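The structure under discussion appears below in the form of structure tokens.
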Amino acid sequence: MITCQNVTVQYGSMKVVDELSLEIKKGEFFGIIGPNGSGKTSLLKAIGGGMIPVNGEIIVDGKSLSMYRSKDLAKKLAVLPQDSETAFSYSVWDVVSLGRYPYQKGWLQGMTKQDEQVITEALKQTETYQFRDKLLQQLSGGERQRVLLARALAQEPDILLLDEPTNHLDLSHQMNLLNALKHWAQTRQLTVVAVLHDLNMASLYCDRILLLDKGKMIALDSPTHVMEEGQLERVYGVSLNRKEHPSVPSPLITFIPERERENQLSAIDRLIIDRSPERIYMKSDKKWKALSSAVLGAGFRWHHAFVNRHVNKDYLADDPVTECKTYLHENGIDANDTLTMMTAARLEDASIIRSGPDAPAILVMISAGTSNAVDASMAYKLADWKTTVGTINTWVFIEGELPEAAYVQALMTVTEAKVKALHDEGIRDPVSGTLATGTSTDSVMIASAQTGPYYEYAGTITPVGKEIARLVYEGMRTTIQHYKKRMGVS
């Protein structure tokens, strides 16, 4: 639908778009990204007829852009620039009605019923119908932006060109606008070409993305291929991470701020440990990145504080999350910043063990009881299952920086070491009589300071994995032995 052939755009002698060739398909949501000065707005202006290329050609629906009359082009495409002149004292209705100009034969022609229907629909689509009798100058920046979008929609274009369409919009209206644009592209075959600064918005909504830098094409492909970490770092000149969105199959880009100088005391030494029969409470002046199956703070989260709370074995709450938050609040602990586990095991039996001076710096906490031990390979034979509080809770604090894959490897290492300790302590599933692999409600946490040595892997044969395995194995056996002694079990 839109073809750029070796297009070059200049301001004076400076090339802002340099021999660019691309095609944009009908019904495509096409994004243009790049740093300031990369040529994004200039390319959009050229496609909209607002700038004439010094070289190359732009073709719209098989016809050179230069061959269109202004009214015919206005029926074909509409433009929403980044900054629009809004000083005139027109009502919102009058501003949007200007979008019908390409369909009028002269200024004296009145509005037809069809014109009025189109204007009304455009106002409703942009949630500005309630402002129709107000002066444009009386509206906020975000409201004016939506009115100008309504004016563009009133042109009933096949192509919509948008330069920073979410500018001045709050988060709710950003999402509503982009959702609507995506819907129109899919249902009406409206071609949307948008310059976007927000990389995550581009990733979520665009079918394809053009990455520009200094007027040149760096990449043109799907978000998955364009949002490549190293490529974006080179173009934008910043440190960033690419992850995957938790709900949809799109890349998620997070920027990394420059870190302040760290406290000279190690992150593990800065953990303050408060231990009692009621809870094991660890807190730090720095946040740890944790991956866990906790009651509060599960998944990947950052935390200052960690609570392992003892509850009675017959603990029952309709909403354990709310009950747990209430408990923390009553004890002066911030529930929004505290990873929290619960266990029926006695915390007097728990072990807290730390690595030696020549090994990777790791601290492990293990609380355990084995009355509900389970052999995972035989669990499918159990007739009933009910939710109970955690029995074996394992915390691993690592002084270092881990990628997310290493967290998963560390979880595997913890599990393997735990199973071996249970075997060597002769813990059996009371139903099957076979050696147990854990209990029915085990929980685990891997926390990294994200400062210090970089550990790419944390499997059982890596230096950090070996130390995790040793500490978990020794701590697990010690904790179980405490439990056996208290229970009078040999």
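The values are calculated or read from the model by the stated rules, or taken from the named source; none is laboratory data. No experiment lies behind these values; they were computed from the predicted model shown. When we count neighbours, we look across all protein chains shown, and the Cβ atoms used for this are built from the backbone with ideal geometry, even at glycine.
Looking across region 73-83, just one residue is touching a residue at least 24 places away in the same chain (Cβ under 8 Å) and over 20 Å from Ala185 (Cα atoms), and that is Gln82.
In region 1-34, the qualifying residues are those that are assigned to a loop (DSSP other than H, G, I, E, B) and crowded, with 16+ Cβ neighbours inside 10 Å, and the one that is modelled with the lowest pLDDT is Met1. The set of residues in region 461-482 being farther than 29 Å from Val408 by Cβ and out of contact with any strand residue (DSSP E or B) (no Cβ under 9 Å at 6 or more places or on another chain) consists of Gln481 alone. Among the residues here, Thr224 does not qualify as under 20 Å from Gly34 (Cβ atoms), in contact with an Asp or Glu (Cβ under 8 Å, 6 or more places away or on another chain) and among the hydroxyl-bearing types (Ser, Thr, Tyr).
Per the conditions (1) assigned to a helix (DSSP H, G or I); (2) free of Cβ contacts under 8 Å to residues at least 60 places away in the same chain, the sole criterion not satisfied by Met342 is (1). Out of Glu456, Glu474, one residue alone is surrounded by fewer than 18 Cβ atoms within 10 Å (Cβ to Cβ) and in contact with a Pro (Cβ under 8 Å, 6 or more places away or on another chain). It is Glu456. On the given criteria, is Asp375 surrounded by 13 or more Cβ atoms within 10 Å (Cβ to Cβ) and modelled with pLDDT under 95? Yes.
Residues that are in the same structural domain as Leu20 (by TED's automatic domain parsing), farther than 20 Å from Leu44 by Cα and modelled with pLDDT under 95 number at least 3 in the following helices (runs of 4 or more DSSP H) confined to region 123-229: 141-154, 171-188.
Kindly evaluate Val17 against the criterion of being in contact with a Gly (Cβ under 7 Å, 6 or more places away or on another chain), of a type outside the set (D, E, K, R), assigned by TED's automatic domain parsing to the domain that holds Pro165 and closer than 28 Å to Pro223 by Cβ. So Val17 passes the test. With respect to the conditions (1) in contact (Cβ under 8 Å) with a residue 60 or more places away in the chain; (2) surrounded by fewer than 13 Cβ atoms within 10 Å (Cβ to Cβ); (3) hydroxyl-bearing (Ser, Thr, Tyr), Ser38 falls short on a single one, namely (2). The numbered conditions (1) more than 24 Å from Glu228 (Cβ to Cβ); (2) over 21 Å from the mean Cα position of the chain (by Cα) are all true for Leu177 except (2).
Only one of the listed residues (Val408, Val431) is more than 38 Å from the chain's Cα centre (by Cα) and of a type in the set (A, V, I, L, M, F, W, C). That residue is Val431. Residues Val307, Val238, Val248: which one is over 20 Å from Val444 (Cβ atoms), touching a helix residue (DSSP H, G or I) at 6+ places or on another chain (Cβ under 9 Å), among the aliphatic types (A, V, I, L, M) and free of Cβ contacts under 8 Å to residues at least 40 places away in the same chain? Testing whether each residue is over 20 Å from Val444 (Cβ atoms), touching a helix residue (DSSP H, G or I) at 6+ places or on another chain (Cβ under 9 Å), among the aliphatic types (A, V, I, L, M) and free of Cβ contacts under 8 Å to residues at least 40 places away in the same chain leaves just Val238. With respect to the conditions (1) under 20 Å from Pro453 (Cα atoms); (2) free of Cβ contacts under 8 Å to residues at least 24 places away in the same chain, Leu291 lacks only one, and its number is (2).
Only one of the listed residues (Gly438, Gly475, Gly465, Gly459) is among the small types (Gly, Ala, Ser) and at pLDDT below 95. That residue is Gly438. Leu411 - would you say it is part of a helix (DSSP H, G or I) and in contact (Cβ under 8 Å) with a residue 60 or more places away in the chain? Answer is yes for this residue.
Filtering Thr343, Thr338 for residues that are at pLDDT below 95, assigned by TED's automatic domain parsing to the domain that holds Asp442 and in contact with a Gly (Cβ under 9 Å, 6 or more places away or on another chain) leaves a single hit, Thr343.
Selection of region 378-391 for residues being assigned to a loop (DSSP other than H, G, I, E, B) and at pLDDT 85 or above yields only Thr391.
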